[in-house]
Amino acid sequence: MAALTRVSGSVGLISLLNPPVNALSAAVRQGIVDTVRRAVSDPQVKSVVICGQNGVFCGGADIKEFGGHMSGPPLVPIFNTIEAADKPVVAAIEGSALGGGLELALACHYRITQSKARLGLPEVSLGLLPAAGGTQRLPRLIGVPAALDLITTGRHLTGAEALKLGIVDQVTDQNTVEAAVKFALSIVGQSLESRRISTLPCPCPADIDAFFEGVMQRVKKSAHGAIAPVACVQAVQAAATLPFTQGMQREQELMATLFGSGQARALQYCFFSQRVVSKWSSPSGSRWDTSKPKPVTKVGVIGLGTMGRGITVALALAGLSVVAVETQQQQMMAAQHAVSGMLERTARRRGVSLVGDQIRYSVELEAVADVELVIEAVFEDMALKEKLFKQLSTLCKADTLLCSNTSSLDIDHLASQTHSPQLVVGMHFFAPAHVMKLLEVVYGPRSAPQAVATAMELGKRMGKVSVAVGNCSGFVGNRMLMPYVEEASFLVEEGASPEIVDRALEEFGFPMGVFRMSDLSGLDVGWKVRKARGLVEPGQMSRVRQGRRYSPLGDLLCEQGRFGQKTGRGWYLYDSAGSREAQPDPWLQSFLEEYRARQGLVSRRIDSQEVLERCLYALINEGFNILQEGIAAGPEDIDMIYVFGYGFPRHRGGPMFYASQVGLAQVLQRLEHYQQLHPDIPHLRPSSLLRRLVSSGSPRIQRWREIIRMPHSSL
Ligand SMILES: CC/C=C/CC(=O)SCCNC(=O)CCNC(=O)[C@H](O)C(C)(C)COP(=O)(O)OP(=O)(O)OC[C@H]1O[C@@H](n2cnc3c(N)ncnc32)[C@H](O)[C@@H]1OP(=O)(O)O
């Protein structure tokens, strides 16, 4: 798993051999031990270069090993041996040097990197910390603030950025291994004293205690309950305040706590789930590996409201040509201005040059006649969309893919308006579309495999996590959201306040609770949807509609003009329209008291456990229904949708993984309990798939797909 050859007469070249990313599996670690020992003891070898096979230095520890019993030599002594070697060791970094891969490079005396290589310590995103000396060596090399930034965020740097920070010694656009070998030849005999990072003092800010206090406060606030970022700060603090050996001990202690935690398991599940969802399949048998995407270079976007603008920006940033269409000149000009601003800000933040000249604006629908793919982003109005799809089907090229950004409407119905229903899919982006990572790609029974593959590939090019899902009202994300939001309203009817509900959900790890989120996105959005479904009865307070329990609270607030942040009043009170500082509203409290009195509801005390169980288990239960119906191929699809699109705390793995950790029997039992108390709420009726999984002994989440596919009685 690692090979040693002698090149250029005296350079020992060690290559890591573990495709695809040369992860540091037990065999690779053993290979490094053996090859380093041989290189160091070979008198003909005067210097050493470590590289990875196939253009990748090393993707870090083998994450697949984490779940089981770890065997083989540990990393820390291997890296200490490399650093202590009396021959210069040079890391030749191509592709990626991440996690343990970068820690290996930090143990070497010199680092040479390809300019486009990705370097970083992403362990925090796996619920861990860089525990092979990364938290102790990096701050000694680049100083505490810069190291903290990299270690607590896990962000990747390019080779060029790493040079600026002082992580690497040289960047090359030529063959990196050849450059490293040449370099290794040039440094033979030079003192290595100043090259052993563990022996360097740690450059620290002046008032170190105050500095770490401030950092810890910031990190805790943004961590939303995740423990790894906090442990990362503690480990770097040890680097700043303790000698290297003691710092290493502290690093190990902190790692031991994280390693066995449920959060690490959840985050590692997310890592693999993100890759699982890219390998999509549909019930019709089409699959990622048998469906070839169509090449796309030019995309039309119809409708330049908030969503259309964000989609235009995301396409342009991905290097695609865009034809952006609005109906009126004035709206088009406003959109053009807004898109330019968004592009400018994003380009500045990412440090890339400005793009924008590949966007053509038009008020003529015919402008999209020659594009390969159209994304419709007009108002959520079926009649309008029907008309548009009919027009597009006539004016576009025969093989143009027609995609809708609808968040809930029937894709199959839209497809039926066109000459080629097989070329229609949903591309459901999330606002702001140039920022949010999630894309739901919605296929109907008639969607061609190539259409799905093309939308998935386009999403990937736009940097999205694309998840293929079946067609139903609300698809996966919004369908599951409905019972979650409804439960929150029912709890408020029964005695909770919006603050109580939101606090419980925010303590669980959501960046915002239901009501703060609703105020942010606008209460009128849901109101319109409920009106379209015939649920709204103006001025009426009845709590049963269409044969099931209904809360008219949201409608009543809208009738008062309380649309949330934009009107300065919603579930909360704001200083002014557009302000973000939510305050409890005494008016709302009296309104709720009066409402409950008129409904004959006796307010009761509701605790955070009930909030979490009713909101989350209702959401999870709908997830099981979705799995059972084959709308999502597996629990990973649902979890990635919720983590990347709905702010579900990543360190909890997503709703389905969370359910598996709570225990399926427990989720079932609590749903049964609440269903008995509230028989008029259908979404609390346990899904038959949940029952089936419980009666199959609550298997590991990785086995659910298999059980879902097993033929079963519907009784
Ligand atoms: C003592 C414990 C110490 C821990 C320290 C650590 O090192 S923890 C690990 C830190 N490393 C990372 O977090 C890197 C994870 N990998 C990536 O970010 C990316 O895979 C990549 C290296 C940037 C490559 O990206 P690319 O898009 O080219 O490929 P994929 O992401 O699709 O990966 C290809 C397949 O390789 C598997 N894989 C990737 N990294 C690892 C890893 N570290 N361990 C095990 N397996 C890894 C990945 O799952 C893909 O597998 P498939 O089966 O093909 O889906």
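Brief remarks follow.
- Near pairs, Cβ below 7 angstrom, 6+ apart or cross-chain, from region 257-278 (outside the structural domain of Gly225 (by TED's automatic domain parsing) and in a helix (DSSP H, G or I)) to any residue that is acidic (Asp, Glu) and more than 12 Å from the ligand (Cβ to nearest atom): Ser273/Asp639; Val277/Asp637
- When restricted to residues that are more than 14 Å from Leu75 (Cα to Cα) and either near the ligand (Cβ under 8 Å from one of its atoms) or modelled with pLDDT under 95 (or both), region 125-141 contains 3.
- When each of Thr406, Thr297 is tested for being touching a residue at least 24 places away in the same chain (Cβ under 8 Å), in contact with a Ser or Thr (Cβ under 7 Å, 6 or more places away or on another chain) and at negative phi, the lone residue that passes is Thr297.
- Close pairs from region 188-208: first more than 30 Å from Val11 (Cα to Cα), partner in a loop (DSSP other than H, G, I, E, B), Cβ under 9 Å, at least 6 apart: Cys202/Gly143; Pro203/Gly143; Cys204/Gly143; Pro205/Gly143
- Condition broken by Pro584, with the remaining ones in (1) in contact with a Pro (Cβ under 9 Å, 6 or more places away or on another chain); (2) surrounded by fewer than 18 Cβ atoms within 10 Å (Cβ to Cβ); (3) without any contact (Cβ under 8 Å) to a residue 40 or more places away in the chain; (4) not hydrophobic (A, V, I, L, M, F, W, C) satisfied: (3)
- Among the conditions (1) within 10 Å of the ligand (Cβ to nearest atom); (2) surrounded by 24 or more Cβ atoms within 10 Å (Cβ to Cβ), the only one that Pro122 does not satisfy is (2).
- Any hit, region 566-573, residues being at pLDDT below 95, of a type in the set (Ser, Thr, Tyr) and either more than 27 Å from Pro635 (Cα to Cα) or not in a strand (DSSP E or B) (or both): no
- Pair list, Cβ under 7 Å, 6 or more apart: region 10-38 residue over 22 Å from Ala179 (Cβ atoms), other residue hydroxyl-bearing (Ser, Thr, Tyr) and surrounded by fewer than 22 Cβ atoms within 10 Å (Cβ to Cβ): Asn18/Ser25; Ala26/Ser71
- Here the condition is being in contact with a helix residue (DSSP H, G or I) (Cβ under 9 Å, 6 or more places away or on another chain), more than 16 Å from the ligand (Cβ to nearest atom) and part of a helix (DSSP H, G or I); of Thr312, Thr327, Thr290, it holds for Thr312 alone.
A quick yes/no check of all residues on (1) farther than 30 Å from Asp519 by Cα; (2) modelled with pLDDT of 95 or more; (3) polar (S, T, N, Q):
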| site | (1), (2), (3) |
| --- | --- |
| Gln417 | yes, yes, yes |
| Val425 | yes, yes, no |
| Gly459 | no, yes, no |
| Val465 | no, yes, no |
| Asn471 | no, yes, yes |
| Met480 | no, yes, no |
| Ser489 | no, yes, yes |
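- Qualifying residue in region 272-288 (condition: of a type outside the set (Lys, Arg), out of contact with any strand residue (DSSP E or B) (no Cβ under 6 Å at 6 or more places or on another chain), closer than 23 Å to Gly59 by Cβ and buried (at least 22 other Cβ atoms within 10 Å of the Cβ)): yes
- Residue in region 357-372 that is surrounded by 18 or more Cβ atoms within 10 Å (Cβ to Cβ), closer than 15 Å to Gly310 by Cβ and at pLDDT 95 or above present: yes
The values are calculated or read from the model by the stated rules, or taken from the named source; none is laboratory data. Here the structure is a predicted model, which means the values were calculated and not measured. Virtual Cβ from ideal backbone geometry, glycine too; neighbours counted across all protein chains shown.
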